[in-house]
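Before any comments, here is the structure.
The values are calculated or read from the model by the stated rules, or taken from the named source; none is laboratory data. Remember, predicted model here, so these are calculated numbers, not experimental data. So basically every Cβ, Gly included, is an ideal-geometry build from the backbone, and we count neighbours across all protein chains shown. The protein model used for the area step is the full one, side chains on, heavy atoms only, and it has no ligands, DNA or RNA in it. Shrake-Rupley method; radii C 1.70, N 1.55, O 1.52, S 1.80 Å.
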Amino acid sequence: QVQLVEAGGGLVQSRGSLRLSCDISGSSFSRYSMGWYRQVPGKQREMVATISSGGSTNYADSVKGRFTISRDNAKNTVFLQMNSLKPEDTAVYYCVYGGDFDGVWGQGTQVTVSS
């Protein structure tokens with residue numbers, strides 16, 4: 001059974017940075033896409049960034065140039081480096097094994113950006 005554990009969320013000031021990590025166990029991690037999604041209360045979950053097994057990346061327009069997704073297949077870990085954070089980036093961020101809405105979701109980590 002796949003298990004995901006996210007870490008790295010917290011409170012940061014506008015224009016600050018955070019790095020999220022997601023440790024995956026119980027799977028053939030390197031063979032699957034991974035993704036980061038986020039959700040604001042009262043709104044639908046949205047894709048932030050995805051990375052394929054081969055390392056190809058895709059980003060939401062709202063985070064392009066500010067966020068970077070990466071993976072370490074040796075450590076079964078996926079990262080989301082978030083720079084130049086804005087208050088509108090405030091959300092619960094989820095790591096997703098499989099990279100899409102039908103994948104396996106982590107428990108989420110709160111990111112709060114103060115203005």
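Taking Leu20 as the residue in question, decide whether it is more than 16 Å from Val111 (Cα to Cα), assigned to a strand (DSSP E or B) and open to solvent by less than 30 Å² (accessible area, probe 1.4 Å). Spelling it out, it is not the case that Leu20 is more than 16 Å from Val111 (Cα to Cα), assigned to a strand (DSSP E or B) and open to solvent by less than 30 Å² (accessible area, probe 1.4 Å).
Taken together, the residues in the range 84-113 that are part of a loop (DSSP other than H, G, I, E, B), more than 15 Å from Leu4 (Cα to Cα) and small (Gly, Ala, Ser) amount to 1. The set of residues from the range 71-115 being small (Gly, Ala, Ser) and in contact with an Asp or Glu (Cβ under 9 Å, 6 or more places away or on another chain) comprises Ala91, Gly106, Gly108.
Looking only at residues of the range 1-17 that are touching a Phe, Trp or Tyr at 6+ places or on another chain (Cβ under 8 Å) and part of a loop (DSSP other than H, G, I, E, B), we find that the one that is nearest to Ser115 (Cα to Cα) is Gly9. Taken over the range 23-69, residues that are open to solvent by 40 Å² or more (accessible area, probe 1.4 Å), assigned to a strand (DSSP E or B) and polar (S, T, N, Q) amount to 5.
Can you confirm whether Trp105 is aromatic (Phe, Trp, Tyr), open to solvent by 40 Å² or more (accessible area, probe 1.4 Å) and out of contact with any His (no Cβ under 9 Å at 6 or more places or on another chain)? Against the criterion (aromatic (Phe, Trp, Tyr), open to solvent by 40 Å² or more (accessible area, probe 1.4 Å) and out of contact with any His (no Cβ under 9 Å at 6 or more places or on another chain)), Trp105 qualifies. Scanning the range 70-102 for residues that are at positive phi and either open to solvent by 40 Å² or more (accessible area, probe 1.4 Å) or without any contact (Cβ under 8 Å) to a residue 40 or more places away in the chain (or both) yields a count of 2.
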